[in-house]
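The values are calculated or read from the model by the stated rules, or taken from the named source; none is laboratory data. Predicted, not measured: the structure shown is a model, and the values here were computed from it. Heads up, the Cβs are rebuilt from the backbone with ideal geometry, glycines too, and the neighbour counts pull from every protein chain shown.
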Amino acid sequence: MLPMVVRTTILLTMSNVFMTFAWYAHLKNLSNRTWYVAALISWGIALFEYLLQVPANRMGYTAITLPQLKILQEVIALAVFAPFCLFYMNQPLKLDYLWAAFCLLGAVFFIFRS
């Protein structure tokens, strides 16, 4: 069986895929619809995010601290967002994004080092 942190990471990654689409895909796919139609569709997508995120956080909290869980989630969110932004939304890649990623790796280092 996979370690709890690995299972948590997998569930949070899947959760963040749904979250990213719920938060941002409407900008591309529903731009011709009213905001409340986009909101209702986004809420429907977000339901699946919560069905994965809640158990992931409950499992993760048994193995790591709450601050570690939060930093892990933020890093996963941005790791999911980057390819979504580049490939789905066709946004350009900038060198500053790499520097921001290094800062996040620093946050991971400091929160997990003890």
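State all residues of segment 28-38 that are out of contact with any His (no Cβ under 8 Å at 6 or more places or on another chain) and either surrounded by 15 or more Cβ atoms within 10 Å (Cβ to Cβ) or assigned to a helix (DSSP H, G or I) (or both); if no residue qualifies, say none.
K28, N29, L30, W35, Y36, V37, listed by residue number.
Out of the residues in segment 55-114 meeting the condition of being over 20 Å from A22 (Cα atoms) and of a type in the set (S, T, N, Q), tell me which one is surrounded by the most Cβ atoms within 10 Å (Cβ to Cβ).
The selected residue is Q68.
Checking A79 against (1) modelled with pLDDT of 95 or more; (2) of a type outside the set (K, R); (3) within 18 Å of L12 (Cα to Cα), which test does it fail?
It fails just one condition, (1).
Only residues in segment 35-47 that are farther than 10 Å from A25 by Cα count as the first member; pair them with residues that are loosely packed, with under 11 Cβ neighbours inside 10 Å and of a type outside the set (F, W, Y), Cβ under 6 angstrom, at least 6 apart or cross-chain, and list the lot.
That search, which allows pairs on different chains as well, returns nothing.
Go through the residues of segment 44-55 one by one and say whether even a single one is modelled with pLDDT of 95 or more, more than 16 Å from the chain's Cα centre (by Cα) and more than 15 Å from L12 (Cα to Cα).
yes
Here are L51, L69: which of them is touching a residue at least 40 places away in the same chain (Cβ under 8 Å), assigned to a helix (DSSP H, G or I) and at negative phi?
L69
Which numbered condition trips up I64, out of (1) in a helix (DSSP H, G or I); (2) in contact with a Leu (Cβ under 8 Å, 6 or more places away or on another chain)?
(1)
Do the conditions hold for L47, that is, is it over 25 Å from F109 (Cα atoms) and surrounded by 15 or more Cβ atoms within 10 Å (Cβ to Cβ)?
So L47 fails the test.
Considering each residue of segment 79-114, count those that are on the phi < 0 side of the Ramachandran plot and assigned to a loop (DSSP other than H, G, I, E, B), and give that number.
Number of matching residues: 7.
For segment 31-76, what are the residues that are farther than 30 Å from S114 by Cα and in contact with a helix residue (DSSP H, G or I) (Cβ under 6 Å, 6 or more places away or on another chain)?
Within segment 31-76, A38, S42, I45, A46, F48, E49 meet the criteria.
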